[in-house]
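As structure tokens, the structure follows; a few thoughts come after it.
Computed from the coordinates by the stated procedures, all read-outs in this text should not be read as laboratory data. This structure is a prediction, so every number in the text was calculated from the model and none was measured. Positions of Cβ are backbone-derived with ideal geometry, glycine not excepted, and every protein chain shown enters the neighbour counts.
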Amino acid sequence: MISCEEAEEICNRAQYNEASFFEKLKLLLHTYMCKICARFTKKNTELTALCLKADLKGFSEAEKAEMKEQLQKNL
């Protein structure tokens, strides 16, 4: 059985489709035994769904550079 730390890592990677089938299977087995990790996985999934629904956008590289420049001017 995997540790809770490994389950957390797999859960986070699974949210971005970066976990393998076997990792997801290990996570599923772990969450059947560990209710704390099952709750974490559920909440993590809900948070990801909310972020996707909110259609959050990040800053472009140009906007980041401009903000950095503005911050350096103010120092």
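Cysteines in the chain lacking any other cysteine Cβ under 4.7 Å from their own Cβ: Cys4, Cys11, Cys51.
Among the trypsin sites (Lys or Arg not before Pro) found in the range 22-60, those both in a DSSP coil and sparsely packed, with 10 or fewer other Cβ atoms within 10 Å of their Cβ, are Lys57. For a straight C-alpha distance cut-off of 20 angstrom, the lysines reachable from Lys68 (same-chain residues fewer than eight places away being disregarded) are Lys57.
How long are the three semi-axes of the equivalent ellipsoid for the range 4-74, computed from the Cα gyration tensor as the root of 5 times each eigenvalue, in whole Å, largest first?
35, 13, 12
Only Cα sites of the range 1-45 enter the Debye sum here, all with the same form factor; the resulting log10 I(q)/I(0) across q = 0.26 1/Å is -0.87, listed in q order.
The length gained by stretching the chain between Gln15 and Leu71 to full extension, at 0.36 nm per residue less their Cα-Cα distance, is 16.8 nm. Bridgeable aspartates and glutamates around Lys26 (alpha carbons under 19 Å apart, same-chain partners fewer than 8 residues away excluded): Glu5, Glu6, Glu8, Glu9, Glu18.
Helix 35-54 sits at what angle to the longest principal axis of the chain, using alpha carbons and giving 0 to 90 degrees rounded to 10? So the inclination is approximately 40 degrees.
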